[in-house]
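Step one of this worksheet: look at the structure below.
The values are calculated or read from the model by the stated rules, or taken from the named source; none is laboratory data. This structure is a prediction, so every number in the text was calculated from the model and none was measured. All Cβ positions, even for glycine, are placed from backbone atoms using ideal geometry, and neighbour counts span all protein chains on display. Side chains are part of the model used for accessible areas, which takes the heavy atoms of the whole protein and leaves out ligands, DNA and RNA. Shrake-Rupley method; radii C 1.70, N 1.55, O 1.52, S 1.80 Å.
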Amino acid sequence: MDSFLKNVTDIALKKAKSAAKAGEIPVCAVIFDPENKKILASAVNRTERGRDPTAHAEILAIRKACRLTQQTRLHGYDIYVTLEPCPMCAAAVSFARLRRLYFGAYDVKGGGVEHGCRIYQKAPNLYVPEIYGGIAQTRCAALLKDFFQTLRGDGK
């Protein structure tokens, strides 16, 4: 992993931890321009605080990036997410035309990329980004595991 992607991952994990403290499932998405080494937008889940089931980190980051660029497509930009995107978010990544999708922890139950419906394999008319899963998987999975253990009351 190059140093810029490592930095993006560290930022995403730090923001995901702050989301957990606010009672959200700790997921963060960061959209960045790998050529210029600049972060364009980031967001964490806000489904609980916003009472909005579509307020996933990926959706919010894409909306913010599109507002900032004043474009509906994000050609040349990449996204890093701490958790494998669900089918809704995987479709949003496709519609936004993000070049690459990097994600941390795999989501066996709710994922839509490598697990579950595997949206990019089933929908031949969708734009498919380059996909790199398991980036900082151990750290991302541990954050989620700790959050859910605490939520259930059997955490540390």
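Below is a table of values for the structure above.
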quantity: Of all residues making up region 47-63, the number that are touching a residue at least 24 places away in the same chain (Cβ under 8 Å) and farther than 20 Å from Val128 by Cβ; calculated: 5
quantity: Output for region 52-91, where each listed residue is under 21 Å from Ala141 (Cβ atoms) and β-branched (Val, Ile, Thr); calculated: Ile79, Val81, Thr82
quantity: Leading residue by the ranking (most open to solvent (accessible area, probe 1.4 Å)) among those in region 53-85 that are more than 15 Å from Ala19 (Cα to Cα) and either of a type in the set (D, E, K, R) or in contact with a Gly (Cβ under 7 Å, 6 or more places away or on another chain) (or both); calculated: Arg67
quantity: Residue satisfying all of: in region 101-143; of a type in the set (Gly, Ala, Ser) and closer than 20 Å to Ile59 by Cβ; farthest from the chain's Cα centre (by Cα) among these; calculated: Ala123
quantity: Residues of region 1-42 satisfying the condition of being β-branched (Val, Ile, Thr), without any contact (Cβ under 8 Å) to a residue 40 or more places away in the chain and open to solvent by 60 Å² or more (accessible area, probe 1.4 Å); calculated: Ile39
quantity: Restricting region 86-112 to residues that are assigned to a loop (DSSP other than H, G, I, E, B) and within 12 Å of Gly134 (Cα to Cα), the residue that is least open to solvent (accessible area, probe 1.4 Å); calculated: Asp107
quantity: Residue within region 144-154 that is open to solvent by less than 40 Å² (accessible area, probe 1.4 Å), under 25 Å from Arg63 (Cβ atoms) and in a helix (DSSP H, G or I) present; calculated: yes
quantity: Criterion violated by Thr138 - all others in (1) of a type in the set (Val, Ile, Thr); (2) under 21 Å from Ser3 (Cα atoms); (3) part of a loop (DSSP other than H, G, I, E, B); (4) open to solvent by 40 Å² or more (accessible area, probe 1.4 Å) satisfied; calculated: (3)
quantity: Test result for Leu40, modelled with pLDDT of 95 or more and touching a Gly at 6+ places or on another chain (Cβ under 9 Å); calculated: no
quantity: Positions within region 118-135 being of a type outside the set (Gly, Ala, Ser), surrounded by fewer than 16 Cβ atoms within 10 Å (Cβ to Cβ) and under 23 Å from Pro26 (Cα atoms), in sequence order; calculated: Arg118, Tyr132
